[in-house]
Structures are given as C-alpha cells and as structure tokens.
Amino acid sequence: YAVEIWESLLSSQIPIYMEARWAVLGTNTLGSCGANNYYKNFEGAPLADTYYPGAIVEKITRKEISGKGNPDMSASFNSTIPWYFGTDGKAPAHQYDFVSTVLHEIAHGLGFTGFFEVNTSNLTASYGYNDDLPAVFDRFIEDFNGRRLTDPVVFANPSNELYKSLVSNQLYSGSPVAYAWGFENRPRLYAPYTYKEGSSIYHLNDQSYPYGTNNALMTPSAGKGEVIHSPGPLTSGILADLGWKHLY
C-alpha cells in the first residue's frame, strides 16, 4: 500500500526494485532504508561531481543499471515494534502505523539522505563518498545565511566550521522547488545542538513541522497512533530537485 502511494507520485520508465526485511533493531528504531548504489557524472547528470542514488540515475538515463536481481534500495523494519498494519489511517494509540514508516523509509531510499559525517571527538564534520564528493541531497544543504555547505570556498572539508553548521539548529535545504511549494519558505532540516547519528541532517525539523502538519512525514521520529500517508510539499519538492522532477 505504501509503495502504491509512491507509485502515484513518482514517474520513471525503469522499475524501482526494493528489498525489505524484518530485523531486530534498536529499541527506539522503527526502520532504516538506503540506496544500494550511487553514481556520478553519468550521461545527463544534472550536477557534475555529485553522487545520485541508483533509482534516480535509472530514471534520468532511462536505462536499467543495477539489474533486476540487485535492488535499488534496501530497507529493514523492526520486528519487535507493536505495528498497526491497517491501511485505513486509524492506527490506535498503542501501535505504530506501518504505512507511515514505510513511506518515510522509502523516501530515504529515493535520495533523502547523503554523506555528511560528524566526528564528535575533535568537533569536525566532513562529507564524501570515498573521494570527498557529496550526494545530491548534500548539494542543496545550506546554513541560515544561505551558504551551501558543499561550497569549498566557504567550508573546508573536513572542518570545524562544517561541524558548527551541522549542530547549529539552523540548517536548510536550498531546493528551489520545495521553496516554491512551501510558500517561499526554505525547508528547515533537523540539526539539533547535539548531533544525533541517524537523525541529524537528513530529516525535516520536528519543531517546524510537528505531527498534524502536512510536512511531518520526514521528521526524525514518530509516535504511536500517528498516521501520515503523504510526503507533503516540502519532501516532494526536495525529491523533485534531486532528479525526480515530475512529482504529481
């Protein structure tokens, strides 16, 4: 059911293959998902020296690259969580809505993630995929003043300046489409003063987009009984700029 929701929003001539499995994850972890392969400087790449998830690359090139036997993304869902498996949007207060979680994790697999890392021991941050080049999501991340974090003229990689930006609580996506669809407000990313592995940077800010608002799907946490069956305009706009472009 969650897959069908994304199918109604995305357009690609190439099938997107996803692997999903149950796993025993951390007590407070509902699930995880990520792209299995990244590619740079392919034919038709919108940005040079930038890594794109395989599903986006196949959409742009209109070619099957990874092959049917190799999933474009892999997801794990916590088998110990009290899940609500209904699709009617009526999750009870003592269960987590599975559809909402799957929608959230698929968004990560579609590109709502990147390569920024933080070293809390020496207070530095860096980005790169073996060769110091960022993911396409990273290309749009900017600070309060609109400075792109992957601009080497402004931020050295690695550096303490990058670290301070990533824990500034003032981090944004400079996605033009999301800006337009968000009534000319930049999507605010989750960048708490204490860096949280697996949550910081690659989620929307939960204070700006609390549960009950239309952009709450990609905030870093979900509560029991919370149901969100739409990515919302900001997440859709960000994904459009990552290379999906045509989201209905």
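The values are calculated or read from the model by the stated rules, or taken from the named source; none is laboratory data. Small disclaimer: the values here were computed from a predicted structure and weren't measured. Positions of Cβ are generated from backbone atoms using ideal geometry, with glycine treated the same way; all protein chains shown enter the neighbour counts. Accessible surface areas use protein heavy atoms only, side chains included; no ligands, DNA or RNA. Shrake-Rupley method; radii C 1.70, N 1.55, O 1.52, S 1.80 Å.
Considering only segment 163-178, state which residues are farther than 13 Å from S200 by Cβ and among the hydrophobic types (A, V, I, L, M, F, W, C).
Correct list: V177, A178.
Out of segment 63-89, which residues are assigned to a loop (DSSP other than H, G, I, E, B) and touching a Phe, Trp or Tyr at 6+ places or on another chain (Cβ under 6 Å)?
The answer is P71, D72, S79, I81, F85, T87.
Enumerate the pairs (first residue in segment 112-136 and without any contact (Cβ under 8 Å) to a residue 60 or more places away in the chain and in a strand (DSSP E or B); second residue anywhere and among the acidic types (D, E) and open to solvent by 30 Å² or more (accessible area, probe 1.4 Å)) with beta-carbon separation below 8 Å, excluding pairs fewer than 6 apart on the same chain, so at least 6 apart or on different chains.
A125/E117; S126/E117; S126/D132
Given the criteria open to solvent by less than 30 Å² (accessible area, probe 1.4 Å), at pLDDT below 95 and not aliphatic (A, V, I, L, M), does G67 qualify?
Spelling it out, G67 is indeed open to solvent by less than 30 Å² (accessible area, probe 1.4 Å), at pLDDT below 95 and not aliphatic (A, V, I, L, M).
If you scan segment 126-138, which residues turn out to be open to solvent by less than 10 Å² (accessible area, probe 1.4 Å), among the hydrophobic types (A, V, I, L, M, F, W, C) and either more than 23 Å from T194 (Cβ to Cβ) or more than 19 Å from the chain's Cα centre (by Cα) (or both)?
Result: A135, V136.
Quick check on my filter: what residues within segment 10-33 are exposed (fewer than 15 other Cβ atoms within 10 Å of the Cβ) and either touching a residue at least 60 places away in the same chain (Cβ under 8 Å) or in a loop (DSSP other than H, G, I, E, B) (or both)?
Residues satisfying the conditions are S11, Q13, P15, V24, G26, T27, N28.
Quick check on A91: is it in contact with a Gly (Cβ under 6 Å, 6 or more places away or on another chain) and surrounded by 12 or more Cβ atoms within 10 Å (Cβ to Cβ)?
yes
Got a sec? Which of F115, F98 is open to solvent by less than 30 Å² (accessible area, probe 1.4 Å) and either in contact with a strand residue (DSSP E or B) (Cβ under 6 Å, 6 or more places away or on another chain) or over 26 Å from S32 (Cα atoms) (or both)?
Residue meeting the stated conditions: F115.
Looking at the structure I just gave you, is R62 closer than 24 Å to K245 by Cα and either over 17 Å from the mean Cα position of the chain (by Cα) or hydroxyl-bearing (S, T, Y) (or both)?
For R62, the condition - closer than 24 Å to K245 by Cα and either over 17 Å from the mean Cα position of the chain (by Cα) or hydroxyl-bearing (S, T, Y) (or both) - is met.
Could you please find all residues in segment 34-56 being open to solvent by 40 Å² or more (accessible area, probe 1.4 Å), in a loop (DSSP other than H, G, I, E, B) and in contact (Cβ under 8 Å) with a residue 12 or more places away in the chain?
N36, N37, K40, E43, G44, P46, L47, D49
Tell me which of these E105 doesn't satisfy, since it passes every other one: (1) open to solvent by 20 Å² or more (accessible area, probe 1.4 Å); (2) closer than 19 Å to I201 by Cβ; (3) in contact with a strand residue (DSSP E or B) (Cβ under 7 Å, 6 or more places away or on another chain).
Only one criterion is unmet by E105, namely (1).
Which one of P92, P152 is over 16 Å from the mean Cα position of the chain (by Cα), within 26 Å of Q207 (Cα to Cα) and part of a loop (DSSP other than H, G, I, E, B)?
The conditions single out P92.
Considering each of Y209, Y195, Y179 in turn, give the residue that is in a helix (DSSP H, G or I) and at pLDDT 95 or above.
Y179
Which one of these does L234 not meet: (1) assigned to a helix (DSSP H, G or I); (2) open to solvent by 10 Å² or more (accessible area, probe 1.4 Å); (3) not small (G, A, S)?
The number of the failed condition is (2).
Here are I201, I228, I141: which of them is farther than 17 Å from H104 by Cβ and buried (at least 22 other Cβ atoms within 10 Å of the Cβ)?
I141
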